[in-house]
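The values are calculated or read from the model by the stated rules, or taken from the named source; none is laboratory data. Not measured: the values here are computed from a predicted model. Note: ideal-geometry Cβ built from the backbone for every residue, glycine included; neighbour counts use all protein chains shown. Please note that ligands, DNA and RNA were not included when accessible areas were found on the heavy atoms of the full protein model with its side chains. Shrake-Rupley method; radii C 1.70, N 1.55, O 1.52, S 1.80 Å.
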Amino acid sequence: MAERGIEVLLVTDPANINYLSGYDAWSFYVHQMLVIVIDEPQPIWIGRNQDANGAKVTTWLSEENIIPYPDYYIHSTINHPMEFIAGKLKQIGHGKRYVGVEMDNYYFSAKAYEQLKKHLCYATFKDAGLLVNYVRIVKSDQEIEYMRRAGKIAEAAMKRGIENVRTDKRECDAAANIYYQIVSGTEQFGGDYPAIAPLLPTGENTSSPHLTWTDRSFQHGDSVIIELAGCYKRYHVPLARTISVGAPNKELKRITPIVVEGLNEVLESVKPGKTCGDLEAVWRKCLQKHGIEKESRLGYSVGLNYPPDWGEHTASIRDGDHTILRPNMTFHLIPGLWFDNYGIEISETFRVTEKGCETFTNFPRDLIVQDPFSFNKQDGKIS
């Protein structure tokens, strides 16, 4: 804040609010804010009246620093929560300061910004986008432990999902079982809802990586991509694998070893001091040997988040990203390839260590060929 000339930081990204205060509730569908004043010892939480008790339960803030606004500000065409927030800031003497706002996030609307400018007309506004996000990019040892637990949940959820990719199952049944495992977690610790729903494109839809599921039954010969994340205390470890229901087609047979080779080479190249662009160059060199190009980025910083995304919106593993790798940075490395009528994803989430990297999951790093037939418990027959 000092480096950017910001005296009052208005944080609206729920992941950043959680990171700074501990606040954790499904209340981000209405306006809420954490106010960081550069010369005050504690932040101030401002949110909907019925969520104030949640702030008392989940944060470390003193009760006087939890300020609720009345419900008539919610979804009103007359009143706006930013008018209330601006009034409070003026009341406590911050109406004429340099105010930073997170200009480019899902939870801070154009109207919110206009209302703040209208009611804090003597303040000087600055873009504080990603200020907190870049602080979060290097994890503490405690955060790494949370991600290790999330990795165990991801392993269990992927195993359960693959078990349900069979010809007597619907896509929605597989998704339901994945969700069950993500929330149930392990015997040692429970899970949390992920920031992104499990993605489950099937057949030719594997060419579109962000499709979810239908009520269609899996068919012999289908290819299926499962991309999910284990989540523990809001920390995510994504994991993607590609499954073939029965013998894989010739396209998957051809492309799988190329993807696995590139994935392994990138992981082996990770070390502090390299840049995200350096990692992408390793992948690109591997693809060029086979005459393939990948338009999309290779990965991104990942960790603490809320819907609709588990990425941190900071460093990306792609050409031109000069972010220098440091120990305890964490990335989802997803060398997915998507063509006109098929696709493949085999991913790993890793931590940069002092000498290399640590992956958070231990799952077969290959195309998974699933027996299309399963035992029908109702009539005792093979279906």
antiparallel share of DSSP beta bridges within the stretch 8-135, to nearest 5, in %, is 40
Residue span Phe339 to His220: 0.36 nm per residue of separation minus Cα-Cα distance leaves a gain in nm of 40.7 nm
Net charge (Lys, Arg +1; Asp, Glu -1) of residues whose beta-carbon lies under 15 Å from that of Ala15, Ala15 excluded, is -4
Counting only protein heavy atoms with a 1.4 Å probe and every protein chain in place, the carbon and sulfur fraction of the accessible surface of the chain in whole percent equals 48
Counting only DSSP beta bridges fully inside the chain, the antiparallel percentage to nearest 5 is 75
Note to self: with every protein chain in place and a 1.4 Å probe, the chain gives an accessible area per residue in Å² of 45
Summing -39500 (n - 2.57) over every DSSP H run of at least 4 residues in the chain and dividing by its residue count gives a helix-only mean residue ellipticity at 222 nm, to the nearest 500 deg cm²/dmol, of -9000 deg cm²/dmol
Once both label points are put 7 Å beyond Cα along the C-beta direction, the Lys117-Glu187 separation in nm becomes 5.9
Of the listed links Lys56/Lys111; Lys233/Lys271; Lys111/Lys274; Lys289/Lys355; Lys159/Lys250; Lys169/Lys253, those spanning more than 32 angstrom between alpha carbons are Lys111/Lys274
Residue span Glu40 to Ala176: 0.36 nm per residue of separation minus Cα-Cα distance leaves a gain in nm of 44.3 nm
Diffing the stretch 39-54: the Karplus 3J(HN,Hα) column from phi (6.51, -1.76, 1.60, θ = phi - 60°), in whole Hz with x for Gly and Pro, holds 10, 10, x, 10, x, 10, 8, 10, x, 4, 3, 6, 9, 5, 5, x
For the stretch 348-362, in residue order, the Karplus 3J(HN,Hα) values (coefficients 6.51, -1.76, 1.60; θ = phi - 60°; whole Hz; Gly and Pro = x) are 9, 9, 9, 10, 6, 9, 5, 10, x, 8, 10, 8, 8, 10, 10
Checked the stretch 8-135 against the a/c 1.5 cut and the a/b vs b/c comparison, axes a ≥ b ≥ c from its Cα gyration tensor; verdict rounded
If every Lys and Arg gets +1 and every Asp and Glu gets -1 at its Cβ, then about the Cα centre the stretch 141-377 yields a dipole, in debye to the nearest 20, of 280
Nearest 10, in degrees from 0 to 90: the angle of helix 81-91 to the longest Cα principal axis of the chain is 40
Reduced to Cα centres, the span from the stretch 169-244 to the stretch 1-43 in Å works out to 32
Reported to the nearest 10 Å², Arg297 has, with a 1.4 Å probe, an accessible area equal to 100
At R0 = 45 Å the Cβ-Cβ FRET efficiency linking Ala2 and Gln50, nearest 0.05, sits at 0.80
The helix 171-184 Cα axis meets the longest alpha-carbon principal axis of the chain at an angle in degrees, between 0 and 90 and rounded to 10, of 50
Computed curve, the chain, Cα-only Debye sum without solvent term, log₁₀ I(q)/I(0) at 0.07, 0.08, 0.14 Å⁻¹, is -0.37, -0.48, -1.17
Rounded to the nearest 10 degrees, the helix 250-269 long axis (Cα) sits at an angle to the longest Cα principal axis of the chain of 50
Relative contact order as a percentage, the stretch 141-377, C-alpha pairs under 8 Å and 6+ apart, gives 24
Counting Lys and Arg as +1 and Asp and Glu as -1 over every other residue whose Cβ sits under 13 Å from the Cβ of Tyr98, the net charge comes to 0
With label points set 7 Å from each Cα along the Cα-to-Cβ direction at Thr77 and Lys250, the distance between them in nm comes to 6.2
Here the gain from full extension of Met103 to Asn362, 0.36 nm per residue of separation minus their alpha-carbon distance, amounts to 89.4 nm
FRET efficiency (Glu265, Asp309; Cβ distance; R0 35 Å; to 0.05) is 0.80
Which residues qualify? For Val369, with a placed amide H closer than 5 Å and at least 5 residues away or on another chain, they are Ser244
